[in-house]
Amino acid sequence: MRNVKIVSTGSYVPQKILTNQDLSKRVETSDEWIVSRTGIRERRVIAKGQTCSDLAFEASKSALQKAGLSPEDLDMIILATLTPDKRLPASANFLQEKLGAKNAAVFVYHNLSRLS
C-alpha cells in the first residue's frame, strides 16, 4: 500500500476586489453594517470568462512550484467545488488538461443540484 501525503498547497484569488463601499453604491447598505454582521470588508470577483478550473490551475501551479514538482509527478487531482465550469466533464478534468497532468487520476465532487 502506498502512503498518501500532501506535500504542498497553493492558493489563488481573482484580481478584482469588490468592497463594501462598492456594494453600498448598488444596494442600501454600509461598510459598518456588513462588517458588524459578517466581518467581511471585501471579496474577490472572478473576471468575465474565468472559471473554477482557471482558479485551480493558478493555485496548482503555485503548489507544484513550492514542492519542486511537475504536473507529470501528480498521481491524483482532487477538486471539490460548488461552482463547476460545466455540468460535465468535471472541473477536475479541465484542470488535469490545463496542467498537463497526464498521469493523474481525477477525483471530483460537484454539487450539481445547484445548477438545476
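Only the coordinates and a few stated rules stand behind these numbers; no lab work does. A quick note: this is a predicted structure, and the numbers were derived from the prediction, not measured. Positions of Cβ are generated from backbone atoms using ideal geometry, with glycine treated the same way; all protein chains shown enter the neighbour counts.
What's the magnitude of the charge dipole for the chain around its Cα centre, counting Lys and Arg as +1 and Asp and Glu as -1 at the beta-carbon? Answer in Debye, nearest 20.
Magnitude of the dipole: close to 140 debye.
In nanometres, what is the gap between the two model label sites at Asn3 and Lys16, each 7 Å from Cα along Cα-to-Cβ?
Going by the 7 Å Cα→Cβ label model, 4.5 nm.
With +1 on each Lys and Arg Cβ and -1 on each Asp and Glu Cβ, how big is the dipole of region 51-116 about its Cα centre, in debye rounded to the nearest 20?
The calculation lands at about 220 debye.
As an exercise, use a Förster radius of 30 Å and the Cβ-Cβ distance of Ile78 and Arg26 to find the FRET efficiency, rounded to the nearest 0.05.
E(calc), rounded to 0.05, equals 0.25.
I'd like to know which of Ser70, Gly10, Ala92 lies farthest towards the positive end of the charge dipole of the chain, counting +1 on Cβ of Lys and Arg and -1 on Cβ of Asp and Glu.
After comparing all options, I get Ala92.
Given H placed on each backbone N at 1.01 Å, which residues far from Ile77 in sequence or on other chains put an amide H within less than 5 Å of it?
Ala105, Val106, Phe107
With respect to the cross-link table entries Lys61/Lys102; Lys16/Lys48; Lys66/Lys86; Lys5/Lys61, which display a Cα-Cα separation exceeding 22 Å?
As for pairs spanning more than 22 Å Cα to Cα, those are Lys66/Lys86.
Relative contact order of the chain, please, whole-number percent, based on alpha carbon pairs below 8 angstrom and at least 6 residues apart.
25 percent
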